[in-house]
Structures are given as C-alpha cells and as structure tokens.
Amino acid sequence: MRKKLSLSNPAYRGRFAPSPTGALHFGSLVAAVGSYLDAKHHHGTWLVRMEDLDTPRCVAGAAEDILRTLDAFGLQSDEPVIYQSQRTAAYEEALLKLQAIDAVYPCCCTRKEIADSALHGIEGFVYPGTCRNGMAHQRVTPAWRVRTDQYPSPFPLPPSPIAFVDALQGHISQNLESEIGDFVVKRADGLFAYQLAVVVDDAFQGITHIVRGADLLDSTPRQIYLQRLLGLRIPQYLHLPVAVNNAKEKLSKQTLAAPVDETHPVRTLLRVLEFLQQHPPVELAGYDLKAVLDWAIANWDATKIRGIGTLPAL
Ligand code: GLU
C-alpha cells in the first residue's frame, strides 16, 4: 500500500466508483484519472469502491480486471476497496430510516402499468404516484419508492427544486417531482438501487468531493435529495465531460467501447490528459508513468476543462 503523504488533507476524500460490468474503457478511465488527480492535487485521499450491486449486470472477473488496469496506470486506492455487494445491511438501515419518516412507500406497479399511465421525464417515465396512498394490488416483494412531492410531513422536507453548484457545470436545478418522479430505492427483485447505495456509501466513506462523468449529472439531485432526507453531508460535485464515439454515443459496454490499452500506459494517460484539456507538454511522452502522473498531479487544473456535456474521445 502506498505510504500516506504527511501533508495529507483530511478535508478532501474523493473516490472512483466503477460498476464491474466489463473492462475499463477510455470513458471510465477519464473518470478514474480525473477523480484521482483532483484528489491528489488537493493532497486528499482517493478511494476505489466497487459498485457490484446490480448482480445480474456484473461480469465475473471484471472487478479484478478493473483493479489491475487501475494499477497499471499507477492509480491505487489509499484504503481497502469496498464492495457494495457486502453492504446490504447498511442499505437496509437507510431504508428503515426513510420508512420511519414516511418518505418511502411500497409499490407494486408493473413496468407496463407505469408505461400506460406515465408521462415522459428526463430519464424515462415519471411515475404517476399510483401506490402513494396504498398499493392497488398486493405483491410479495414490492419495490420501494421515495416521495418527491411536497407531502404533509412532520419533518422539514428538502426544498424543491433541488439546486446545487457543480464545480465545472455551474448552477444545476431540477424539479424531482415533475422531471424524475418518485424513484425506486429498493427494487422489486430485492436489490437496492444505485441512487440509495451511492449515497449511503459516500457518507460511510466520508467522501467530500465527487468527480465523475456528466452522464451522472441528472442523478445528482436525487442523491442530494436522499442525503437531505437521511441527514447526510452533501459532498461537492464536479462532473467531467463524457467521452463519445464518432456516432456521438457515450463510450460504454453497450456501444462496444474498446478496453483501455494497458500496454502503453504513458501514451494512454497522455490521451486522457489531452481529453481533460490539461495540455501535457509533448516531452512527457518520453517519461515514465510516475513522472507523467507527478506532472499531472502538480499541474491539475479542472477550470481548464471546456465543453460541458460530451466531447469526442481522443
Ligand atoms: N457506478 C457508477 C457507474 O459506473 C458510478 C457511480 C458514481 O460515480 O457515482 O456508472
């Protein structure tokens, strides 16, 4: 394990939280490098967390593969890697807290029922609230949804719309009720949803700064909403541009993005630094990985990044 720097800054704890659904591709490496450089530039701690919660989507061996690739780029977690598949008790506890303040309700609606009656929001259907006042029909294991309306509550509800200032994307505001709707925190198949798990784990790990791809920008208000309901600290957010292919599709397993080339880590890292508009000097191509990382840490400047939304992968 890497020796801690004596001037380590306790006010900065960042993380990279990949889902082990396949090998790291250029887009996920951008998030890994961006979060690492931002943490290290601020003398902070950088953690890796495996988001292996959606077990049907996880691929055997992918977590080890991702950790090996990160290692090949000199990116090592400062603390032991935690796995969401081991953290169900913590998510259960958070759900109990939400139940205790009546912020969630069981829902038995099928996809089809929702599709038949719902409006479109920014991320699929806006759930019409059918089960808010009790389920229309029973189901052995219902899904659990969070209320996003201003319902009568003895506890102060988070303000609507949810607004925050992203360090790169600026002022963001979202009306959860009309744009997203009551969202699922525990699925009918018994799995906890990403939105709840990420919030519980970021708090558990004392994360202060979240640097990740702008594909998650629309999720952030849901996460802030849950943080407010659960009385958790709200980290600072910085959403990096998302790498897209020639067809302007986000690089992902679905768009068949190629795994990152680990055989030439310096070359690949320089491409990532170019993508992040850090303008590495050309001489760095002849340096070893440690020297390139040291340059990148010392010279990291997130304000150089232009282009919110998406950018073509280099
Ligand atoms: N596990 C999520 C993903 O790979 C990222 C979670 C996050 O950074 O908040 O898309």
Relative to the first principal axis of the alpha-carbon coordinates of the chain, what is the inclination of helix 220-230, with its axis defined by its Cα atoms, in degrees from 0 to 90 and to the nearest 10?
60 degrees
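For a quick protection proxy, order the peptides 226-232, 257-263 by their average other-Cβ count within 10 Å, most packed first. Before the final figure, lay out each step's value.
Details: 226-232: 17.3, 257-263: 15.7.
Averaged packing, sorted descending, gives the order 226-232, 257-263.
For the chain, please report how many Lys pairs fall under 16 Å Cα to Cα, leaving out neighbours fewer than 8 apart on the same chain.
Values: LYS3/LYS40; LYS3/LYS290; LYS4/LYS40; LYS40/LYS290; LYS97/LYS186.
The number of close lysine pairs in the chain is 5.
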Charge sum, other residues only, whose C-beta stays under 13 Å from ILE66's C-beta, Lys/Arg counted +1 and Asp/Glu -1:
-3
Taking 34-40, 65-71 and ranking on average Cβ neighbours within 10 Å, highest first, one gets 34-40, 65-71
In degrees rounded to 10, the 0-90 angle between helix 62-72 Cα long axis and the longest Cα principal axis of the chain is 30 degrees
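Is the shape of the range 238-314 best called rounded, prolate or oblate, per the rule: a/c under 1.5 gives rounded, else a/b larger than b/c gives prolate, else oblate, with a ≥ b ≥ c the square roots of the Cα gyration tensor eigenvalues? Intermediate values should be presented prior to the final figure.
Values: a/c = 2.51, a/b = 1.37, b/c = 1.83.
Oblate is the answer for the range 238-314, as a/c is 1.5 or above yet b/c matches or exceeds a/b.
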In Å, the Kirkwood estimate of hydrodynamic radius for the range 111-238 over Cα pairs equals 15.7 Å
Between the range 54-95 and the range 223-298, what is the C-alpha centre distance in whole Å?
18 Å
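Beta carbons within 10 angstrom, averaged per residue: use that to sort the peptides 162-171, 205-214, highest first. Kindly include the intermediate steps, with their values, before the conclusion.
On the way: 162-171: 14.6, 205-214: 21.0.
Answer by packing, highest mean first, reads 205-214, 162-171.
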Please express the shape of the chain as an equivalent ellipsoid: the semi-axes are the square roots of 5 times the eigenvalues of the C-alpha gyration tensor, given largest first in whole angstrom.
36, 20, 19
Report the far tail of the P(r) of the range 1-95, meaning the percent of Cα-Cα pairs longer than 24 Å.
25 percent
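Please work out the Kirkwood hydrodynamic radius for the range 161-314, using every pair of different C-alpha atoms, and report it in angstroms with one decimal place. Write out the running numbers ahead of the final one.
Details: mean 1/r = 0.0563 Å⁻¹.
Hydrodynamic radius (Kirkwood, Cα pairs) of the range 161-314 is 17.8 Å.
Within a Cβ distance under 14 Å of ILE122, other residues only, what is the Lys/Arg minus Asp/Glu net charge? Please list the in-between numbers first.
On the way: positive: ARG222; negative: GLU123, GLU177, GLU179, ASP215, ASP218.
So the environment of ILE122 carries a net charge of -4.
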With axes computed from alpha carbons, what is the tilt in degrees of helix 26-41 against the longest principal axis of the chain, rounded to the nearest 10 within 0 to 90?
80 degrees
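Evaluate 2.2 N^0.38 Å with N set to the residue count of the range 220-282, then give the Cα radius of gyration divided by it.
Details: Rg = 17.0 Å, N = 63, 2.2 N^0.38 = 10.6 Å.
So the Cα radius of gyration is 1.60 times the expected 2.2 N^0.38 Å.
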Its Cα gyration tensor gives the range 80-185 an equivalent ellipsoid whose semi-axes in whole Å, largest first, are 23, 21, 16
Among SER8, LEU269, ALA63, whose Cα projects farthest towards the positive end of the dipole of the chain, with charges put on the beta-carbon of Lys, Arg (+1) and Asp, Glu (-1)?
SER8
Please compute, for the alpha-carbon atoms of the range 194-257, the extent along each of the three principal axes and give them in descending order in Å.
43, 19, 18
Please flag any cysteine in the chain that has no other cysteine's Cβ under 4.7 angstrom from its own Cβ.
CYS58, CYS108, CYS109
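So for the chain: antiparallel DSSP bridges make up what percent, rounded to the nearest 5? All intermediate terms of the calculation are to be shown ahead of the outcome.
Working: 17 of 32 bridges.
Restricted to the chain, the bridges split so that about 55 percent are antiparallel.
The numbers here are math on the coordinates, done by the rules we state, and not lab data. Nothing here was measured: the structure is a model prediction, and the numbers come from that model. Counting neighbours? That spans all protein chains shown, and the Cβs are built from the backbone with ideal geometry, glycine included.
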